[in-house]
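Only one structure is covered here, and it is reproduced in the block below.
The values are calculated or read from the model by the stated rules, or taken from the named source; none is laboratory data. Remember, it's a predicted structure, so these values are computed and weren't measured experimentally. All Cβ positions, even for glycine, are placed from backbone atoms using ideal geometry, and neighbour counts span all protein chains on display.
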Amino acid sequence: MGLDAEMAAGQELDQLMRQGAVVFHDLAADKFNIDHVVIACQGVFAVETKGYRKPNRNGGIPDATVIYDGQALKFPEWSGTGALSQADRQARWLSEWLSGATGEKIQVAPVVVLPGWRVERKGRGQVLVMSGAEIRNHFLNARTASPLTDAQVERVARQVEQRCRDVKPFYRPIEETNRS
């Protein structure tokens, strides 16, 4: 379910490239990865994707709605802050790494994407929360505290691309007995 959610979000995020955004998937960080990174004139976004099952209570829209009150995600059968905390930590790490790599202060906005869910916002918080269907409009209309110039977009994207290309692949040696 998590992989399906990441792929759905990634496909929607890739559509932002038509409007000039640069999108990366699975950025390796220090002992964790960031599902998606979006770099655009609107800012830099660290996107955490979560795939959660919906209850099957024949409740229609209420069964498919998560409420974001600015502090927690309130699903029909449970509430939690884990995804919000994770997105915030990842955005802080990316901000620190990009600031060091570029030599200028780069703010990164934390985002949680919940493909398949309807998001009802009842408060504003540090983390932007959206459904998969809202991705294009939210990012294209985002107003961050740290918009980027075209030159900054290029510099930031170059740093992320170098890190993505610098990941060492994990190979399992082929057993001698399996080579025949």
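Which condition does G51 not pass, out of (1) in a loop (DSSP other than H, G, I, E, B); (2) surrounded by 18 or more Cβ atoms within 10 Å (Cβ to Cβ); (3) of a type outside the set (D, E, K, R); (4) at pLDDT 95 or above, if it passes all the others? Checking G51 against (1) in a loop (DSSP other than H, G, I, E, B); (2) surrounded by 18 or more Cβ atoms within 10 Å (Cβ to Cβ); (3) of a type outside the set (D, E, K, R); (4) at pLDDT 95 or above, the one that fails is (4).
Residue under question is A28, and the condition is that it be among the small types (G, A, S), more than 24 Å from G125 (Cα to Cα) and touching a residue at least 24 places away in the same chain (Cβ under 8 Å); does it hold? Yes. Here I34 fulfils each of the conditions (1) assigned to a loop (DSSP other than H, G, I, E, B); (2) in contact with a helix residue (DSSP H, G or I) (Cβ under 6 Å, 6 or more places away or on another chain); (3) in contact (Cβ under 8 Å) with a residue 60 or more places away in the chain apart from (1). The lone criterion from (1) within 15 Å of I39 (Cα to Cα); (2) modelled with pLDDT of 95 or more left unmet by R143 is number (2).
Would you point out the residue of the range 115-154, among those that are hydroxyl-bearing (S, T, Y) and closer than 18 Å to L98 by Cβ, that is surrounded by the most Cβ atoms within 10 Å (Cβ to Cβ)? For the range 115-154, the residue satisfying everything is T144.
A single entry from V160, V156, V119 fulfils the requirement of being part of a strand (DSSP E or B) and either modelled with pLDDT of 90 or more or out of contact with any His (no Cβ under 6 Å at 6 or more places or on another chain) (or both): V119. Taking (1) modelled with pLDDT of 95 or more; (2) surrounded by fewer than 22 Cβ atoms within 10 Å (Cβ to Cβ); (3) in contact with a helix residue (DSSP H, G or I) (Cβ under 6 Å, 6 or more places away or on another chain) in turn, W97 satisfies each apart from (3). Number of residues in the range 67-82 that are hydroxyl-bearing (S, T, Y) and under 10 Å from V119 (Cα atoms) equals 1.
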